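The block underneath contains the structure these notes are about, expressed in structure tokens.
Derivation of every value follows stated rules applied to the coordinates shown; laboratory data play no part. Only a predicted model underlies this, so the values are computations on that prediction, with no experimental measurement involved. Glycine gets a Cβ as well: all are built from the backbone with ideal geometry, and neighbour counts include every protein chain shown.
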Amino acid sequence: MSLFRAQGLVRRFGGLLATDHVDLTVQAGEIHALIGPNGAGKSTLVNLISGVLKPDAGGLVLDGVNLTGMSMNQRVRHGLSRCFQITSIFRDQTVLGNLLLAVQAHNGSSFHFFKPRDKEMALQRQARELAARAGLSGVLDVMAGNLPHGVQRKLDVALALASRPKLLLLDEPMAGMGPEDSLQMVELIRGLRQHCAILLIEHDMDAVFQLADRISVLVYGKILTTGNAAHIQGHPQVQAVYLGTGE
Ligand code: ADP
Ligand code: MG
């Protein structure tokens, strides 16, 4: 059984069918990439999955739980997390401060019966663990607003991990990054797969082909095909509608 399944998802904007009966699965431990030309409906699909938008039809199941009618916060509590492209960072807090706030927000209640000092130690340990996972151990005391763009993006990923997601949604994590930062982000994402499954929306095709176990191609709101990198690269229609455009 798949960890995550979207079934028959439909979303209209007036007369436009932005999401056209989309079926999509993500397996446990899988990195599943979603690609497609501008306007194909990638962000709409991510918004339907995370709960920013309500679907006109269709449903979502994560680890046996029906998410379809749930609010964004409820989805997070049931194991779905999304990167918000830096907007969730407190710029006037240190990296460690940001991580502590996130860990506390998501796991604070699980330390309900701890003594205050033990609770503080447990939160500190979790925050530092997340920092290590995201390659941030060297900048714990730096004000988040002073971090270079690429490092802020890493912090954003670390914050999304604080809720211990089963499925992590990454909407263009490499956007606006130089080659060096992109490489580091690829390594970071590769390391995450042992902790959670990932649905990755990304324009950087090198990154997609390096990371993804499976790739789904979205065109005019519909999934054109799903398969591994070789399948996608050899698919004539994909070359015509997407790769051939030089995007
Ligand atoms: P992508 O992320 O693949 O570039 P989007 O999901 O942003 O594609 O958009 C898919 C289509 O839906 C586009 O034609 C876009 O103009 C349209 N669209 C997206 N959001 C809205 C909205 N809130 N209202 C009206 N049309 C929208
Ligand atoms: Mg988009």
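Spin-label pair residue 63-residue 183: with each label point 7 Å from Cα along the Cα-Cβ axis, the two points sit 3.5 nm from one another. Let me test this: with uniform point scatterers at the alpha carbons of the range 134-247, what is the Debye-based log₁₀ I(q)/I(0) at q = 0.15, 0.16, 0.21 1/Å? At q = 0.15, 0.16, 0.21 Å⁻¹ the computed log10 ratios are -0.72, -0.80, -1.20. Shape verdict for the range 19-79, please, from the Cα gyration tensor: rounded (a/c under 1.5), prolate (a/b greater than b/c) or oblate. Verdict is oblate for the range 19-79. Among 106, 195, the ranking by other beta carbons within 10 Å of each residue's beta carbon, starting with the fewest, stands as 195, 106. Restricting attention to the chain, close to 55% of DSSP beta bridges with both partner residues there are antiparallel. This model, with +1 at the C-beta of Lys and Arg and -1 at the C-beta of Asp and Glu, gives the range 1-146 a dipole about its Cα centre of some 220 debye. With K and R counted +1 and D and E -1, the other residues having a Cβ less than 14 Å from that of residue 71 yield a net charge of +4. For a paramagnetic label modelled on residue 7 (point 7 Å from Cα along Cα→Cβ), amide N atoms under 13 Å away belong, within the range 49-74, to 58-68. Evaluating 6.51 cos²θ - 1.76 cosθ + 1.60 at θ = phi - 60° for every residue in the range 68-78, the Karplus couplings come out as 3, x, 7, 6, 4, 5, 4, 4, 4, 5, 9 Hz, glycine and proline recorded as x. Computed over neighbours whose Cβ is under 12 Å from that of residue 30, the net charge equals +2, Lys and Arg +1, Asp and Glu -1. The residues packed around residue 201, meaning those with a beta-carbon under 10 Å from its beta-carbon, carry a net charge of -2 if Lys and Arg are +1 and Asp and Glu are -1. Here's the picture: charge each Lys and Arg Cβ at +1 and each Asp and Glu Cβ at -1 in the chain, and of 105, 176, 95 the one pushed furthest to the positive end of that dipole is 105. Computed over every Cα-Cα pair of the chain and binned at 5 Å starting from 0, the pair-distance distribution P(r) comes out as 1, 6, 13, 17, 18, 17, 12, 8, 4, 2, 1, 0, 0 percent.
About its Cα centre, the dipole of the chain is roughly 840 debye, where the only charges are +1 on Lys and Arg Cβ and -1 on Asp and Glu Cβ. In the chain, the longest principal axis of the Cα atoms and the axis of helix 149-161 are about 80 degrees apart.
In the range 24-147, the C-alpha radius of gyration followed by the widest Cα-Cα span (Dmax) gives 17.5, 53 angstrom.
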